[in-house]
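One structure below.
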Amino acid sequence: MIKAVIFDMDGTLIDTEKYYRIFWPKALAHFGYEMSDEQALSMRSLGCPYAPKHLKEMFHDPNLDYDAIRAYRKKIMEEALQKNGIELKKGAIELLEFLKTKKIKRAIATATDEERATRYLKQIGLYPYFDKIICATMVKSGKPSPDIYQYACRQLELMPQECMAVEDSPNGVMSAYCAGCKVVLVPDQSEPEEELKDKLYGCVESLDKIEQYFL
């Protein structure tokens, strides 16, 4: 029986993953690197220590200044979000209301830091729906490591098999799957490859379709 649903945030609940796809290449270009769209997609939900290592290997540059590039990416992306606003993913409110009526716990497991995650969720009115907000900064290793989902389960005082994880990216799916959660994918920027499908409890086109697993 599923007693809690743990949500990724960017690209799953809020439509921000498309901005990472735009602003990682722009930030890298600012520092003299050329990033392809495929390379940008590979950064989705990638946490520390994997993200710095991945970028350095991608560009064959052990001296690549990840912190400076990321800081610049955050700055220009934040400017875009302030200008354009944050959009909810289809079915987000409907699913959260449904889970609330069913008394199923709700948590966030995100690569975004606590300050921004809290600010974004309050800005779009989702913050009151969640019992726990878990960020990658709270654990040793971010996604695709299972640390964040294992920690989220402990915070909810539940076993991983009692928790459903809702993700939009391969790195997020791997994190939740390796933690032992039941993973439902809501594809955002790309469809899942065959090897990823074997790790899924389900795959749906929008968040409101997840209600079927509780009926």
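Throughout, read-outs are computed from the coordinates displayed, never taken from laboratory work. Predicted, not measured: the structure shown is a model, and the values here were computed from it. Every residue, glycine as well, gets a Cβ built from its backbone with ideal geometry; the counts of neighbours run over all protein chains shown.
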Q.
Counting just the Cα atoms, what span does the chain cover along each of its three principal axes? Round to the nearest Å and put the largest first.
A. 52, 36, 29
Q. To the nearest 10 degrees, how steep is helix 92-101 against the longest Cα principal axis of the chain, on a 0 to 90 scale?
A. 30 degrees
**Q.** Residues with amide H under 5 Å from that of Ser42, placed H, sequence gap 5 or more
**A.** none
Q) Which number do you get for Rg(Cα) / (2.2 N^0.38 Å) in region 17-84? A) 1.03
Q: Let me have the relative contact order for region 17-84, percent, based on Cα pairs under 8 Å that are six or more residues apart.
A: 38 percent
Q.
Just to confirm my numbers, what's the Cα centroid distance between region 136-215 and region 10-56 in Å?
A. 20 Å
Q) What is the set of long-range amide H partners of Phe7 at a cut-off below 5 Å, with H atoms built 1.01 Å from backbone N? A) Ala107, Ile108, Ala109, Val166
Q | If the convex hull is drawn through the Cα atoms of region 102-215, its volume per residue in Å³ | A | 109 Å³
Q: For Arg154 paired with Lys197, estimate the spin-label separation in nm (one decimal), with each label point 7 Å from Cα along the Cα-to-Cβ line.
A: 3.6 nm
(Q) Compute the helix-to-body angle for 66-84: its Cα long axis versus the longest principal axis of the chain, expressed 0 to 90° and rounded to tens. (A) 60 degrees
Q. What span do the alpha-carbon atoms of region 75-155 cover on each of the three principal axes, reported in whole Å from largest to smallest?
A. 37, 34, 18
Q) Rounded to the nearest 500 deg cm²/dmol, what is the calculated helix-only ellipticity per residue at 222 nm for the chain, with -39500 (n - 2.57) per DSSP H run of length n ≥ 4? A) -12500 deg cm²/dmol
(Q) Using each residue's phi in region 110-121, evaluate 6.51 cos²θ - 1.76 cosθ + 1.60 at θ = phi - 60° and report the 3J(HN,Hα) Karplus result to the nearest Hz, with x for Gly and Pro. (A) 10, 7, 6, 5, 4, 4, 6, 4, 4, 5, 4, 5
Q) Which one of Pro170, Pro49, Pro62 has the biggest mean-square fluctuation once the chain is modelled by GNM with Cα springs under 10 Å? A) Pro62
Q | Fraction of beta bridges assigned by DSSP in the chain that are antiparallel (%, nearest 5) | A | 5 percent
Q: Please sort by residue number the GluC sites (Glu not before Pro) in region 36-120 whose DSSP state is loop and whose Cβ has at most 13 other Cβ atoms within 10 Å.
A: Glu87
Q | Calculated from backbone phi, Karplus (6.51, -1.76, 1.60) coupling profile of region 151-161 in Hz, x at Gly/Pro | A | 5, 4, 4, 5, 5, 7, 6, 9, 7, x, 5
